[in-house]
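Asks: My structure is below; once you've seen it, I'll send some questions.
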Amino acid sequence: MKGLFCRAGASDAEPKFVIQETTLPDVLGGHLVRVQVKACGLSPLDLKLLDDIGVHRDRIPVGREVAGVVLQVGSQVSFFHPEEEVVGILPLDSPYSGLCGAIDIDEHYLVQKPEKLSSVCAAGALRDALCAYTALHTHARMAAGHTLLVMDGASSFGLMCIQLACYHGVKVFTTSHSPQKHAFLEQLRPSVGVQDPLVAKVIPVFNGPSDLLPAVVEETGGLGVDIVIDSGVRLHEEESEEAKLLPHKHDVISVLGVGGHWVTSQKDLQLDPPDCRLLYLKSASLSFLNHEVWTASSAQQGRYLHILKDIVEKMSTGVLRPQPEEAVPLYEATVAMETIQCHQKKKAVVKL
């Protein structure tokens, strides 16, 4: 059977994605579950993170968000039985690509898939929903009545944050990075007869992020928001065209209210003494959102499985409604992954 792998070159070379043959062992381990993969989500590879945690391979498996059917279970498996539908995220050190026809995965990385939830939808949205859950519940401790600012709300991650926050009674503001995204987000705003709007205010930043701070100040009566979730920030004034859409770190701190919480995806964030002083004056806090934290450590495995179960249940009941991703066939997976690696916010789903 075939799987998608990454051949990481030198530090200055672009990674190469190739489809290669792979095999499964004849004997299934005690806690392993053999799953026939129906759909696999593709997300950007963080090669630096793999190097930091000591995962060194000539070829790195690609595609870790999977949905499928149990074919066989090991002798010590207690959670699953053959023919059950499951979803899960392969651990960082897994030797298998999610694009293989069948994979072996430890039972503690899987949860049962509700019958009403499609495999393509589950595989395509699981990672972003998990990140949104981590940002809002684990880091920000959101509660009903809080105010939230989501940067780039039309992204798959941003949309998950908006829907999850609104479900828990949080008032949401968001930014749009293009006229098309602005029009999409405006559809989520309140209209006549709508009791539970998703978005209270959409702030356009595609002409520059300078309107962000005045808009938030006006909408909150000068108090600021309780939670900010970014999709990256500008560390310096001189940045690329794409980075110019991102807010400056000082603007993010400025829109925070007293006791507010900033959850950032910026891996190399640096705060200057005036930034720290402003955070101190507001008694505000900062958390880093590592997308791989749950699968990189097994310290809170039970909590992780509880989160996954809650996510797939919310997807099946329509609480979380991800943007539909058009499934691509296996032979287009290489091109799709190259695009995703270049444009980190893009997603793709491969249907097997």
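The values are calculated or read from the model by the stated rules, or taken from the named source; none is laboratory data. What you see is a predicted model, and the numbers here were worked out from it, not measured in a lab. With ideal geometry, Cβ positions are generated from the backbone for all residues, glycine too; neighbour counts draw on all protein chains shown. For the accessible areas, the whole protein counts, side chains as well, though only heavy atoms, and no ligand, DNA or RNA atoms are used. Shrake-Rupley method; radii C 1.70, N 1.55, O 1.52, S 1.80 Å.
Asks: Run residue 101 past the list (1) out of contact with any strand residue (DSSP E or B) (no Cβ under 6 Å at 6 or more places or on another chain); (2) modelled with pLDDT of 95 or more; (3) not hydroxyl-bearing (Ser, Thr, Tyr) and report the number of the one that doesn't hold.
Replies: (2)
Asks: Do we have residue 8 as in contact with a helix residue (DSSP H, G or I) (Cβ under 7 Å, 6 or more places away or on another chain), at pLDDT below 85 and of a type in the set (Gly, Ala, Ser) here?
Replies: For residue 8, the condition - in contact with a helix residue (DSSP H, G or I) (Cβ under 7 Å, 6 or more places away or on another chain), at pLDDT below 85 and of a type in the set (Gly, Ala, Ser) - is met.
Asks: Follow-up question, since we're still on this one. May I ask you to list pairs of residues, at least six apart or on different chains, whose Cβ atoms are under 7 Å apart, with the first in region 256-280 being more than 22 Å from residue 142 (Cβ to Cβ) and the second being open to solvent by 30 Å² or more (accessible area, probe 1.4 Å) and part of a helix (DSSP H, G or I)?
Replies: 275/250
Asks: Give me the pairs, please: first residue somewhere in region 73-94 and at negative phi, second residue anywhere and among the aromatic types (Phe, Trp, Tyr) and assigned to a loop (DSSP other than H, G, I, E, B), beta-carbon distance under 6 Å, and either six or more positions apart or on two chains.
Replies: Listed by first residue and then by second, the contacts come to 73/80.
Asks: Continuing with the same structure: Among the listed residues 308, 235, 246, 286, which satisfies the condition of being under 24 Å from residue 345 (Cα atoms), free of Cβ contacts under 8 Å to residues at least 40 places away in the same chain and under 20 Å from the mean Cα position of the chain (by Cα)?
Replies: Of the residues listed, the single one that is under 24 Å from residue 345 (Cα atoms), free of Cβ contacts under 8 Å to residues at least 40 places away in the same chain and under 20 Å from the mean Cα position of the chain (by Cα) is 286.
Asks: Considering only residues that are open to solvent by 30 Å² or more (accessible area, probe 1.4 Å) and not in a loop (DSSP other than H, G, I, E, B), which ones fall in region 70-96?
Replies: 71, 72, 73, 85
Asks: Go through region 106-131 and give me each residue that's aliphatic (A, V, I, L, M) and either free of Cβ contacts under 8 Å to residues at least 60 places away in the same chain or outside any helix (DSSP H, G or I) (or both).
Replies: 110, 111, 117
Asks: While we're looking at this one, here's another question. Could you figure out which of (1) open to solvent by 20 Å² or more (accessible area, probe 1.4 Å); (2) under 22 Å from the mean Cα position of the chain (by Cα) isn't true of residue 207?
Replies: Of the numbered conditions (1) open to solvent by 20 Å² or more (accessible area, probe 1.4 Å); (2) under 22 Å from the mean Cα position of the chain (by Cα), the odd one out for residue 207 is (2).
Asks: With respect to residue 263, is the statement that it is open to solvent by less than 30 Å² (accessible area, probe 1.4 Å) and of a type in the set (A, V, I, L, M, F, W, C) true?
Replies: When the stated conditions are applied, residue 263 passes them.
Asks: List the residue pairs whose Cβ atoms are under 7 Å apart, where the first residue sits in region 170-184 and is open to solvent by 20 Å² or more (accessible area, probe 1.4 Å), the second is in a helix (DSSP H, G or I), and the two are 6 or more positions apart or on different chains.
Replies: Short answer, once both residue conditions are applied: 177/245.
Asks: Can you work out which of the residues in region 45-60 that are assigned to a loop (DSSP other than H, G, I, E, B), modelled with pLDDT of 85 or more and of a type outside the set (Asp, Glu) is farthest from residue 344 (Cα to Cα)?
Replies: Result: 59.
Asks: I'd like to check something: does region 118-137 contain any residue that is surrounded by fewer than 23 Cβ atoms within 10 Å (Cβ to Cβ), in contact with a helix residue (DSSP H, G or I) (Cβ under 6 Å, 6 or more places away or on another chain) and among the aromatic types (Phe, Trp, Tyr)?
Replies: Scanning region 118-137, I find at least one residue that is surrounded by fewer than 23 Cβ atoms within 10 Å (Cβ to Cβ), in contact with a helix residue (DSSP H, G or I) (Cβ under 6 Å, 6 or more places away or on another chain) and among the aromatic types (Phe, Trp, Tyr), so the answer is yes.
Asks: Looking only at residues that are assigned to a loop (DSSP other than H, G, I, E, B) and free of Cβ contacts under 8 Å to residues at least 60 places away in the same chain in region 133-169, which one is farthest from residue 123 (Cα to Cα)?
Replies: Filtering region 133-169 down to residues assigned to a loop (DSSP other than H, G, I, E, B) leaves 140-146, 151-155, 168-169.
Next, only the ones that are free of Cβ contacts under 8 Å to residues at least 60 places away in the same chain stay: 143-145, 153-154, 168-169.
Working: 143: 28, 144: 29, 145: 32, 153: 20, 154: 19, 168: 24, 169: 27 Å.
Selected residue: 145.
Asks: Out of the residues in region 328-350 that are surrounded by 19 or more Cβ atoms within 10 Å (Cβ to Cβ) and either within 13 Å of residue 133 (Cβ to Cβ) or in contact with a helix residue (DSSP H, G or I) (Cβ under 8 Å, 6 or more places away or on another chain) (or both), which is modelled with the lowest pLDDT?
Replies: The qualifying residue modelled with the lowest pLDDT is 347.
Asks: Now for a separate question. What are the residues in region 97-113 that are farther than 19 Å from residue 298 by Cα and either open to solvent by 30 Å² or more (accessible area, probe 1.4 Å) or β-branched (Val, Ile, Thr) (or both), if any? Outline the logic, then answer.
Replies: Step one: list which residues in region 97-113 are farther than 19 Å from residue 298 by Cα, which gives 97-103, 112-113.
Once the filter is applied, which keeps residues that are farther than 19 Å from residue 298 by Cα and either open to solvent by 30 Å² or more (accessible area, probe 1.4 Å) or β-branched (Val, Ile, Thr) (or both), region 97-113 yields 101, 103, 112.
Asks: Take residue 289 and tell me if it is within 19 Å of residue 43 (Cβ to Cβ), open to solvent by less than 70 Å² (accessible area, probe 1.4 Å) and modelled with pLDDT of 90 or more.
Replies: yes
Asks: Looking at region 49-66, which of the residues that are over 21 Å from residue 119 (Cα atoms) and either without any contact (Cβ under 8 Å) to a residue 24 or more places away in the chain or touching a Pro at 6+ places or on another chain (Cβ under 9 Å) (or both) is surrounded by the most Cβ atoms within 10 Å (Cβ to Cβ)?
Replies: It comes out as 60.
Asks: Restricting attention to region 318-329, does a residue exist that is farther than 22 Å from residue 20 by Cα and in contact with a Pro (Cβ under 6 Å, 6 or more places away or on another chain)?
Replies: no
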